[in-house]
Amino acid sequence: MKKIAMLNCLNSNKVCAGAACFTAFNKRIRSFERYQGMDVEVAAFMRCNGCGNDPETDAGILEKVERLQQEGVETVHVGICTKNKEGVRCKTIAKIMEMLEEKGMEVVDGTH
Ligand code: SF4
């Protein structure tokens, strides 16, 4: 079974239940369309640790990235909530995306 994870904005998660992400996954639509007919499990729903933290020295982020790897997560989908209104990705998330790729995980832009 393929394992995937989602990465989202902590600020957004104060008002977001993640329902749109999970609906898209359960229906295999939007960025999850690629998994139609496949045996796939959402193994983790990860958030950043908030603005102003350098993910490369943030022990909690390092632990979360390590955990995804231990879980055997192959692909991480990054939510649109990690981009501003102009469509520019948060620099903290961009760094976490690099860290995930350095650990051998595929990173996909988008969930729902
Ligand atoms: S660091 Fe970026 S993704 Fe995280 S809470 Fe702040 S704006 Fe959202």
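What the table shows:
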| item | result |
| --- | --- |
| Residue-averaged 222 nm ellipticity for the chain, from DSSP H runs of 4+ at -39500 (n - 2.57), nearest 500 | -9500 deg cm²/dmol |
| Separation in nanometres of the label points that stand 7 Å from Cα toward Cβ, at Glu98 and Cys51 | 2.1 nm |
| Virtual spin-label span in nm between Asn13 and Met38, 7 Å along Cα→Cβ | 2.4 nm |
| Antiparallel bridge percentage (DSSP; both residues within the chain; nearest 5) | 5 percent |
| Dipole moment magnitude, nearest 20 debye, the chain about Cα centre, only Lys, Arg, Asp, Glu C-beta charged | 540 debye |
| Exceeding the 22 Å Cα-Cα cut-off - candidates Lys14/Lys64; Lys2/Lys91; Lys3/Lys103 | Lys2/Lys91 |
| Fully extended contour minus Cα-Cα distance, from Asp109 to Lys91, at 0.36 nm per residue | 5.1 nm |
| Sorted by Cβ neighbour density within 10 Å, fewest at the top, the residues His77, His112 | His112, His77 |
| Neighbour-count ranking [beta-carbon atoms within 10 angstrom, fewest first] of Val73, Val42 | Val42, Val73 |
| Ranked Leu10, Leu62, criterion: other C-beta atoms within 10 Å, fewest first | Leu62, Leu10 |
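All of the numbers you see were taken from the coordinates with simple rules; none came from a lab. Here the structure is a predicted model, which means the values were calculated and not measured. Cβ sites come from the backbone with ideal geometry, for glycine too, and all protein chains shown count toward neighbours.
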